[in-house]
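Remarks on the structure that follows.
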Amino acid sequence: MAVSGVRTAAAAATWSNRRHPGIETGNAYVNVHTSQLPAGEIRGQLRAVH
């Protein structure tokens, strides 16, 4: 799933409550792009916490 655009704290909370199979399998990540580093400034792996 690709998500792009500007996210607010409220929107992030709503998105994080949805299940995504990639999170359960360790195949999901967040990549933050900026105008100075359009390929990605910071990247973080997502994983489920049970």
**Item:** Output for the stretch 11-32, where each listed residue is part of a loop (DSSP other than H, G, I, E, B), surrounded by 12 or more Cβ atoms within 10 Å (Cβ to Cβ) and modelled with pLDDT under 85
**Value:** H20
**Complete:** If we ask which residues in the stretch 33-50 are closer than 16 Å to H20 by Cα and assigned to a loop (DSSP other than H, G, I, E, B), their number turns out to be 4
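The values are calculated or read from the model by the stated rules, or taken from the named source; none is laboratory data. Owing to the predicted nature of the structure, the values given are computational and were not obtained by experimental measurement. Backbone-built Cβ (ideal geometry, glycine too); neighbour counts: all protein chains shown.
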